[in-house]
Amino acid sequence: MDKKIILFIRVFSRYGGVENFCYRFYQFLVEKGYEVKVVCGENKTDIKNENIIELGLWRPGRFLKTLSYYLKASKFAKNSDNSLNIALTKVNYCHVIRAGSGSHLDFLISSLRGYRGYSKLKKIIKRLFSPVNYLTVFIEKKMYRDNPSLKLVVFQSNMAKKEFLNRYKLTNLNYKIIPNSVNKNIFKLMHDGTNTFYEKYSLSKDKIYVGFAASNFELKGLIYLIDAIKYLPDNVELLIAGNRNPKKYIEKAKQLKIEDRVHFLGKVENMNDFYNVLNVFCLPTFYDTCANVVLESLSVGTPVITTTNNGAQDFVLDGKNGFLLSVDELSGAKLADLIVKAIKINKYDVIRYSKLYTDEEIFNKYLEEIKGLI
């Protein structure tokens with residue numbers, strides 16, 4: 001490959017979904033012997049060399065950060081000769097775009113269904129008066145409709161692909177679906193004897209555990225999952241991972257008289273141990289382009305229940321390694337019914353039916369596409 005590769009990311013970091021993807025992809029390409037640069041707004045990694053170009057971000061607030069990086073990085077991309085520009089964030093004049101999320105408008109509309117009452121009204125008002133939402137939609141249109149350099153868009157899921165094609169009427173778009181990877185060396189089936197999670201959280205091996213993990217409890221439908229527990233036998237309990245204020249959900253559990261069966265664990269450091277104690281993992285989300293928690297759960301052999309508003313549905317084979325349901329039919333009773341069925345699925349069958357990819361496999365897929373553009 002004669003041309004150098006430039007990865008565009010607003011924050012170059014080991015933490016965060018797309019940020020960590022960029023960090024790993026950069027290292028993969030360097031190890032393969034390619035000349036790679038990263039053009040970022042901020043560099044929060046330990047990699048400090050001339051190949052990491054830090055443009056700086058305006059402050060305060062998301063609007064100024066988004067705008068400043070878009071303007072600076074787009075100018076850099078436009079003036080970059082003899083390079084293949086790959087956008088991992090909102091920037092124009094790139095040859096390849098990795099659409100790490102669905103269209104912003106679809107996210108704003110679909111995700112609102114996860115909120116109720118005053119919380120929903122507050123969210124609507126906040127979004128209507130948030131300038132970054134209008135800026136993001138404007139940038140998306142420029143990236144996909146007004147980009148003379150664009151050669152390929154990579155989507156993480158069929159759901160994201162459909163959203164973008166429908167939203168922006170992109171009839172002649174050259175695209176490829178390349179899903180997220182999962183680290184099978186970390187997320188793998190364990191024997192109970194080696195899992196200290198039971199002791200750490202005072203769990204019983206005689207119980208049946210349903211798991212949930214998210215940073216946004218409302219958007220990911222936790223309220224419905226708590227409601228589902230009341231329909232299940234007393235030996236079925238709910239484990240919730242996520243560092244979010246659980247006050248109103250604790251109150252909900254108390255109203256249903258199941259507070260002793262709903263456990264808020266806070267931030268969980270070892271998620272592999274968490275998935276391994278579960279009999280089923282449930283994410284009744286109202287919007288997810290491709291939730292990594294679903295892939296991680298499947299990788300350890302834990303069956304999954306999620307919605308068709310989750311791009312990770314591409315990995316779920318109904319009745320084989322989990323179950324899917326529409327948000328239109330989402331209810332505690334329906335979730336309870338599917339949990340009963342999912343518990344019966346053998347962990348080895350989950351692993352057998354789950355077609356998951358490693359970093360090496362996914363990055364090689366990207367490399368194949370990149371080579372075809374030079």
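Some notes on this structure:
- Meets criteria (open to solvent by 20 Å² or more (accessible area, probe 1.4 Å), modelled with pLDDT of 95 or more and either of a type in the set (K, R) or within 20 Å of F363 (Cα to Cα) (or both)) for K75: yes
- Scanning the range 195-202 turns up at least one residue that is at positive phi and at pLDDT 90 or above.
- Test result for V39, buried (at least 18 other Cβ atoms within 10 Å of the Cβ) and either of a type in the set (V, I, T) or farther than 17 Å from F12 by Cβ (or both): yes
- So I362, is it open to solvent by less than 20 Å² (accessible area, probe 1.4 Å), modelled with pLDDT of 95 or more and within 30 Å of L84 (Cα to Cα): yes
- Meets criteria (of a type outside the set (S, T, Y), open to solvent by 60 Å² or more (accessible area, probe 1.4 Å), part of a helix (DSSP H, G or I) and on the phi < 0 side of the Ramachandran plot) for L121: yes
- Of all positions in the range 245-268, none carries a residue that is closer than 27 Å to G311 by Cβ, surrounded by 15 or more Cβ atoms within 10 Å (Cβ to Cβ) and in contact with a Gly (Cβ under 7 Å, 6 or more places away or on another chain).
- The range 354-367 - residue that is part of a helix (DSSP H, G or I) and of a type in the set (A, V, I, L, M, F, W, C) and, of those, farthest from K4 (Cα to Cα): I362
- Whichever residue in the range 122-145 is under 18 Å from L67 (Cα atoms) and among the charged types (D, E, K, R) and, among such residues, is nearest to the chain's Cα centre (by Cα): E140
- Tally, over the range 32-89, of residues that are assigned to a strand (DSSP E or B) and charged (D, E, K, R): 3
- Considering I351, I370, the condition of being part of a helix (DSSP H, G or I), open to solvent by 10 Å² or more (accessible area, probe 1.4 Å), farther than 22 Å from Y198 by Cα and not charged (D, E, K, R) is satisfied by I351 alone.
- When V236 is tested against the conditions (1) open to solvent by less than 10 Å² (accessible area, probe 1.4 Å); (2) within 26 Å of C290 (Cβ to Cβ), the lone failure is (2).
- Breaking point among (1) over 21 Å from the mean Cα position of the chain (by Cα); (2) closer than 30 Å to F28 by Cα; (3) free of Cβ contacts under 8 Å to residues at least 60 places away in the same chain, for V268: (1)
- Only a single item in (1) without any contact (Cβ under 8 Å) to a residue 60 or more places away in the chain; (2) surrounded by 15 or more Cβ atoms within 10 Å (Cβ to Cβ); (3) in a loop (DSSP other than H, G, I, E, B) is not met by T171, and it is number (2).
- Across the range 292-324, the qualifying residues are those that are open to solvent by 10 Å² or more (accessible area, probe 1.4 Å), in a loop (DSSP other than H, G, I, E, B) and not β-branched (V, I, T), and the one among them that is farthest from L189 (Cα to Cα) is N309.
Table: residues versus (1) out of contact with any Pro (no Cβ under 7 Å at 6 or more places or on another chain); (2) of a type in the set (S, T, N, Q); (3) modelled with pLDDT under 90; (4) closer than 30 Å to K371 by Cα.
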site: Y134; (1), (2), (3), (4): yes, no, no, no
site: M143; (1), (2), (3), (4): yes, no, no, yes
site: S157; (1), (2), (3), (4): no, yes, no, yes
site: Y175; (1), (2), (3), (4): yes, no, no, yes
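- Members of the range 1-41 found to be touching a helix residue (DSSP H, G or I) at 6+ places or on another chain (Cβ under 7 Å), free of Cβ contacts under 8 Å to residues at least 40 places away in the same chain and over 23 Å from T66 (Cα atoms), listed by number: V36
- If you go through the range 269-291 and keep only what is among the aromatic types (F, W, Y) and either surrounded by fewer than 24 Cβ atoms within 10 Å (Cβ to Cβ) or not in a strand (DSSP E or B) (or both), you end up with F274, Y275, F286, Y287.
- Candidates are the residues of the range 1-31 that are over 22 Å from N180 (Cα atoms) and either in a loop (DSSP other than H, G, I, E, B) or modelled with pLDDT under 90 (or both); the one that is most open to solvent (accessible area, probe 1.4 Å) is D2.
- The requirement of being buried (at least 19 other Cβ atoms within 10 Å of the Cβ), under 24 Å from G114 (Cα atoms) and touching a residue at least 12 places away in the same chain (Cβ under 8 Å) is not satisfied by F187.
The values are calculated or read from the model by the stated rules, or taken from the named source; none is laboratory data. All values derive from a computational prediction rather than experimental measurement. All Cβ positions, glycine included, derive from the backbone under ideal geometry; neighbour counts span all protein chains shown. Side chains included, ligands, DNA and RNA excluded: accessible areas come from the protein's heavy atoms. Shrake-Rupley method; radii C 1.70, N 1.55, O 1.52, S 1.80 Å.
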